[in-house]
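The values are calculated or read from the model by the stated rules, or taken from the named source; none is laboratory data. The structure presented is a predicted model; accordingly, all values stated were derived computationally and were not measured. Cβ coordinates were reconstructed from backbone atoms using ideal geometry, including for glycine residues, and neighbour counts include every protein chain displayed.
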Amino acid sequence: MRPEQPARVTRSAAHLRAAHPDWTWRVPPPAPAVTEATLLLAHTPAHLKRLAQPRDFDADTPFFPGIGDHARRAVSAALAAAEHALAQRTPAFSLMRPPGHHATAGQAMGFCYLNQIAIAALHARRELGAARVAVWDFDAHHGNGTEAILRSREGFLFASVHQYPGYPGTGTASFENCRNWPVAPHTSRAAHLAALRESLDAVVAFAPDLVLVSAGFDAYARDPITEMTLEENDFATLGRWLGASGLPAAAILEGGYSGDLPVLIDAFLSAWVGH
Ligand SMILES: [Zn+2]
């Protein structure tokens, strides 16, 4: 009954492979390829130890056997996507789970165990020569973990549009290098999209060398765990805007729990590729 389940990825992969036989698929390097030093860019040593201990983290975030390795594979794919975006300057998408943007330096929460987008952002600045990295988070939930990890760090911008009130209850104000657009439940599509446009304008104004996108599809009108109103075509709009920005970008799957997730991802990616 848990909404964050393997079918999200298996169904999306099957749909995208059938719809786009010309797209290139890559399997990320296996979990051990992600070094401890890379994970420690964003997380505490105690957190990495805790991932191996068979106790639930919170009600949404149970322990599963091998969860540390599953999360490391999601990190591995995020790193590969960021590397691709910088080297090839063509769209790259990480279709992996678990999601990551709620995980803080020391705490797994909200279906998230390791914060792959924050790790990829820090890795890109330290190892890949990207002096300025922006994270654009359009998941319906606030990326509290990403914000907490990147806050006050030079060379980073975090921009998030999310439902408020809503889980996890943060992201009500902007400060330092973190820009937040809280959007009330049942806000109209037009008003939600206007906030998203403003947030992307802030990303573009930052003049990043790399944009990493926390691509969550749970602001969809028929998502079972939120109260937002976006439609399939709105995710296409986000992809078109991202492509038109001309910025090197990699997107990483965060949330999205409706049965329509495969077509929402397709709409976003197709518009991004074909903008
Ligand atoms: Zn979400």
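Structural remarks
- Inter-residue pairs, beta-carbon under 6 Å, first under 15 Å from G274 (Cβ atoms) and in the range 88-100, second more than 16 Å from the ligand (Cβ to nearest atom), 6+ apart: P91/W272; P91/V273; F93/L269
- Just one of (1) touching a Pro at 6+ places or on another chain (Cβ under 7 Å); (2) among the small types (G, A, S); (3) modelled with pLDDT under 95 fails for A59. It is (1).
- If you go through the range 149-165 and keep only what is under 20 Å from A190 (Cα atoms) and either assigned to a loop (DSSP other than H, G, I, E, B) or at pLDDT below 95 (or both), you end up with Y164, P165.
- Considering only residues in the range 221-237 that are surrounded by 20 or more Cβ atoms within 10 Å (Cβ to Cβ) and aliphatic (A, V, I, L, M), the one that is farthest from the ligand (Cβ to nearest atom) turns out to be A236.
- Screening the range 83-106 for residues that are away from the ligand (no atom under 16 Å from the Cβ) and in contact with a His (Cβ under 7 Å, 6 or more places away or on another chain) and picking the one that is farthest from D139 (Cα to Cα) gives G106.
- Pairing each residue of the range 46-59 that is touching a residue at least 12 places away in the same chain (Cβ under 8 Å) with any residue that is among the β-branched types (V, I, T) and crowded, with 16+ Cβ neighbours inside 10 Å, provided the two are 6+ apart or on different chains, yields C-beta distances under 7 Å for L51/I67.
- Filtering the range 12-56 to residues that are surrounded by 14 or more Cβ atoms within 10 Å (Cβ to Cβ) and among the charged types (D, E, K, R) leaves only R50.
- Apart from one condition, I117 fits all of (1) in a helix (DSSP H, G or I); (2) away from the ligand (no atom under 16 Å from the Cβ); (3) of a type outside the set (K, R); the exception is (2).
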